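Okay, so here's the structure we're looking at.
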Amino acid sequence: MVSFLKALLYGAGGVVVVGMATLVAFQEKLVYVPALPGLPRPYSITPARLLLDYEDVWLRSSDGVRLHSWFVKHEPPVRGPTILFFQENAGNIAHRLEFVRIMMQKLHCNVFMLSYRGYGESDGYPSQHGIIKDAQAALDHLTQRNDIDTSRIVVFGRSLGGAVGSILAKNNPDKVSAIILENTFTSILDMAGVMMPFLKWFIGGGASRGPKVLNCLVRSPWSTIDVIGQIKQPILFLSGLQDELVPPSHMQMLYSKAVEHNRYCRFVEFPTGMHMDTWFSGGDRYWRNIQLFLDQYVPEIQQCKSSCKLDDDDNDNGNAVKSINGSDNQARCAAHSVDFASLSQCHIQKMPKM
């Protein structure tokens, strides 16, 4: 019996040692995959291949890293929303161009595509602290442009991009109007247990029941579950129920945490959606839900003011109009940078269920 216990202890100790060595030596390579297997890191195509009007934009992060991005402009020009798109962890922005082409066609928007440091043509090496700076540089650039409606900047993040976008939205409530999350994980700590089950007892986020002795070694925890409850802007969750990488339960947990603090959340499931193809398998329903979300929470200022005028006219005519209280109204209007005083009587309707 004693020998068995010793063997058990040695075995557990061996797992911890192997886990520590794996995390310390390879964690960046596991989390960040700038080049897909068999493909070069540089872009295989540019937006011009898909007949998209675009410009190369070079940025500097706050720590001096040179970053590359594409600003893809809707043709003909529109004053619609501008989507700040954050990609998954594998490949580069060129691999998302078909998705962006369809997005622009369906939503009539501009799209800003950032290459994280170490990805595509950007310099540097990827890390959580660094990519957070990269995202901020992209947002700061957009807010300084005079050819877009800066009150309608919407963050869209898929998988890792959702973790990046969540931190950016939390840190910039006055610059980001709304955020869309697709197939995003609760944290890299939780994903480590999913990808390497033998580590599950020793690493994990808040839902883990183990001692989590390896958590301190993770340099890029990307703990979206700890951030999501601090986001005040409207959030749309898009979840593919056949996701083979991130368990769909992660999106459910994020949504549950968000609605505790934010009443402007919407959750949409796609029964056949996998990790990378939810936008494709979801078909028109996918785009329709995004459009409804944008129409409700990121409207054109002129449209919202016109709506308010109609409501004021209705009030003058003695018609009953449901208004919202001052604090809620201020939060809603701040989501798309509309002057609070001008919208004090705005009528807000619930988004219809799909």
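The values are calculated or read from the model by the stated rules, or taken from the named source; none is laboratory data. All figures in this text were calculated on a predicted structure; none of them were measured in a lab. Areas reflect the complete protein model, heavy atoms only, side chains present, ligands, DNA and RNA absent. Shrake-Rupley method; radii C 1.70, N 1.55, O 1.52, S 1.80 Å.
Using C-alpha pairs below 8 Å separated by at least 6 residues, the relative contact order for the range 47-298 is 15 percent. Lys-Lys pairs in the range 47-298 that are eight or more residues apart or on separate chains and whose Cα atoms lie under 26 Å of each other come to 16. Karplus-derived 3J(HN,Hα) values for the range 154-162, using 6.51 cos²θ - 1.76 cosθ + 1.60 with θ = phi - 60°, are 10, 8, 10, x, 10, 6, 4, x, x Hz; glycine and proline are entered as x. In this structure, the amide hydrogen of Tyr116, modeled 1.01 Å from its nitrogen in the peptide plane, lies closer than 5 angstrom to no residue at least 5 positions away or on a different chain. As a fraction of the 1.4 Å probe accessible area of the range 47-298, surface on carbon and sulfur atoms comes out at 54 percent. Evaluating 6.51 cos²θ - 1.76 cosθ + 1.60 at θ = phi - 60° for every residue in the range 135-144, the Karplus couplings come out as 4, 5, 4, 5, 5, 4, 4, 4, 5, 9 Hz, glycine and proline recorded as x.
Based on protein heavy atoms only, the range 47-298 ends up with 38 Å² per residue of surface accessible to a 1.4 Å probe. Less than 5 angstrom separates the built amide H of Thr272 from those of Leu241, all sequence-distant by 5 or more or on a different chain. Taken one residue at a time, the phi angles of the range 227-240 give Karplus couplings (6.51, -1.76, 1.60, θ = phi - 60°) of 9, 4, x, 9, 7, 9, 6, x, 10, 10, 9, 10, 10, x Hz. Gly and Pro are set to x.
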